Amino acid sequence: MLKNHNGRIPVLEIASGKFLFESNAIMFYLSEETEFFPTDKFERAQVMQWLFFEQYSHEPFMATSRFWYLTGKAEEYQEALQQKQAPGYAALGVMEQHLAENEFFAGDRYTIADIGLFAYTHVADEGGFDLTRFPAIQTWIDRVKSQPRYIKII
């Protein structure tokens, strides 16, 4: 029986009857002992810091806005979309400031922190966010797309 207590996707079945839910928990599980999750204690903490940032300061504004635009509900949720603009741009500002001095988010190399933040950032325009104001983010997006085994999300 599927054990996803919050009833949302994604869900990863690790073994028969063993399930993990929440995208960042799944990424953590799959990335341990790979190049995508550092062995250095401080760098691991940086990865987690950025994944928490993604969940609480980034995703609630980027993902929801994008969903409302893509499902044709932007008009219905116009007031809520306006309320998401300032905190969404604030999150992009934090990312821009970091990326102006760093190639990636943790340990100066590509990690699951980048994978997690890339998901909604590279399509932020579909949620009404103008990325032309963020040149370091744009350069980082290109850097992520140039990673080996990068697969475009459709």
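The values are calculated or read from the model by the stated rules, or taken from the named source; none is laboratory data. These figures come from a predicted structure and were not determined experimentally. All Cβ positions, even for glycine, are placed from backbone atoms using ideal geometry, and neighbour counts span all protein chains on display.
Residue 113 satisfies every condition listed in (1) more than 21 Å from residue 12 (Cβ to Cβ); (2) outside any loop (DSSP other than H, G, I, E, B) except (1).
Can you tell me which residue within segment 16-33, out of those that are in a loop (DSSP other than H, G, I, E, B) and either surrounded by 10 or more Cβ atoms within 10 Å (Cβ to Cβ) or basic (Lys, Arg) (or both), is nearest to the chain's Cα centre (by Cα)? Here the answer is 22. In the set (1) over 16 Å from residue 146 (Cβ atoms); (2) within 15 Å of the chain's Cα centre (by Cα); (3) touching a residue at least 40 places away in the same chain (Cβ under 8 Å), residue 91 fails one condition alone, (3). When the residues of segment 60-84 are filtered to those that are in a helix (DSSP H, G or I) and touching a Ser or Thr at 6+ places or on another chain (Cβ under 9 Å), which remaining residue is surrounded by the most Cβ atoms within 10 Å (Cβ to Cβ)? Going through the qualifying residues, I end up with 62. State all residues of segment 85-110 that are outside any loop (DSSP other than H, G, I, E, B) and among the polar types (S, T, N, Q); if no residue qualifies, say none. Those that are outside any loop (DSSP other than H, G, I, E, B) and among the polar types (S, T, N, Q): 85, 97.
Remark: pairs (first residue in segment 129-154, surrounded by 15 or more Cβ atoms within 10 Å (Cβ to Cβ); second residue of a type in the set (D, E, K, R); Cβ separation under 7 Å; 6+ apart in sequence or on different chains) = 131/125; 134/96; 136/96; 137/96; 143/103; 144/114.
Results for (1) touching a Leu at 6+ places or on another chain (Cβ under 9 Å); (2) at pLDDT 95 or above; (3) closer than 12 Å to residue 53 by Cβ, shown as yes or no for each residue.
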| residue | (1), (2), (3) |
| --- | --- |
| 95 | yes, yes, yes |
| 99 | no, yes, no |
| 108 | no, no, no |
| 112 | yes, yes, no |
| 127 | yes, yes, no |
| 131 | yes, yes, no |
| 147 | no, yes, no |
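For every residue, the table says whether it meets (1) touching a Cys at 6+ places or on another chain (Cβ under 7 Å); (2) more than 15 Å from residue 114 (Cβ to Cβ); (3) without any contact (Cβ under 8 Å) to a residue 60 or more places away in the chain; (4) not hydroxyl-bearing (Ser, Thr, Tyr).
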| site | (1), (2), (3), (4) |
| --- | --- |
| 9 | no, yes, yes, yes |
| 12 | no, yes, yes, yes |
| 17 | no, yes, yes, yes |
| 20 | no, yes, yes, yes |
| 26 | no, yes, yes, yes |
| 30 | no, no, yes, yes |
| 54 | no, no, no, yes |
| 59 | no, no, no, yes |
| 68 | no, yes, yes, yes |
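Of the listed requirements (1) in contact (Cβ under 8 Å) with a residue 24 or more places away in the chain; (2) more than 11 Å from the chain's Cα centre (by Cα), residue 125 misses just one: (1).
What's the number of the condition residue 13 fails, among (1) among the charged types (D, E, K, R); (2) in a helix (DSSP H, G or I); (3) over 21 Å from the mean Cα position of the chain (by Cα)? Every condition holds for residue 13 apart from (2).
Look at residue 136 and say whether it is farther than 26 Å from residue 25 by Cα, aliphatic (A, V, I, L, M) and touching an Asp or Glu at 6+ places or on another chain (Cβ under 7 Å). Yes; evaluated as a whole, the condition is true for this residue.
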